[in-house]
Amino acid sequence: MTARTFESRSRQLALASVVAAVAGAFAGVAAIAAEPVVTTDAKANYVKEKTNCETGNTTQDKATCLKEAGAALEEKKKGKLDNSGSPVVNATDRCNVLPAKDKADCLARIVGPVTPNQRVTTSGSVEGGGVIRETTTTTPGAVIIIQPAPVPTPAPAPASAP
């Protein structure tokens, strides 16, 4: 190989390296632009959840907890996780899709009794596996008068022989 060929090859390689570097830089920028933006509050929430998982401050085992925290962060990145709503509004929205006969009892379990004939009781705990809310609605019925059974009359005594 002559010196002239060597210089020509060096220039070609240098040019190819520059083109590859520029292409790589653009690809990196495109990848960063395609990456969904994660807000600092989502990252902070993930760090908090991860810390709770690692210190055992949850009711889940560590592996499940870390998996759920990571999944929540990924869903937040995709814009599919929104915890900004009020729990009462969320629950009320779920009641609104029920038939009218069930809707009143559902709303009573969330916001409390709405009529004097309703009573709501709560039992259980989250740690124990769930909170149970029960609505009892007393409705007046038709008045039924129960008559005492008639007193049976004694049977006549058998006649005696003469």
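The values are calculated or read from the model by the stated rules, or taken from the named source; none is laboratory data. Keep in mind that what you see is a predicted model, and the values were worked out from it rather than measured. Neighbour counts are summed over all protein chains in view; Cβ atoms, including those assigned to glycine, are modelled from backbone coordinates with ideal geometry. SASA here: full protein model, heavy atoms, side chains in, ligands and nucleic acids out. Shrake-Rupley method; radii C 1.70, N 1.55, O 1.52, S 1.80 Å.
Some observations on this one:
- Among the residues making up segment 132-146, those that are in a strand (DSSP E or B) and not polar (S, T, N, Q) are Ile132, Arg133, Glu134.
- Considering residues of segment 92-126 that are part of a helix (DSSP H, G or I), closer than 15 Å to Thr137 by Cβ and not hydrophobic (A, V, I, L, M, F, W, C) only, the residue least open to solvent (accessible area, probe 1.4 Å): Asp105
Yes/no matrix, rows are residues, columns are (1) farther than 30 Å from Gly128 by Cβ; (2) at pLDDT 55 or above; (3) of a type in the set (Lys, Arg):
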| site | (1), (2), (3) |
| --- | --- |
| Ala3 | yes, no, no |
| Ser8 | yes, yes, no |
| Ala25 | yes, no, no |
| Ala34 | yes, no, no |
| Thr39 | yes, yes, no |
| Gln60 | no, yes, no |
| Glu68 | no, yes, no |
| Ala72 | no, yes, no |
| Asp82 | no, yes, no |
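- Matching residues, segment 143-162, being modelled with pLDDT of 85 or more and open to solvent by less than 100 Å² (accessible area, probe 1.4 Å): Ala149
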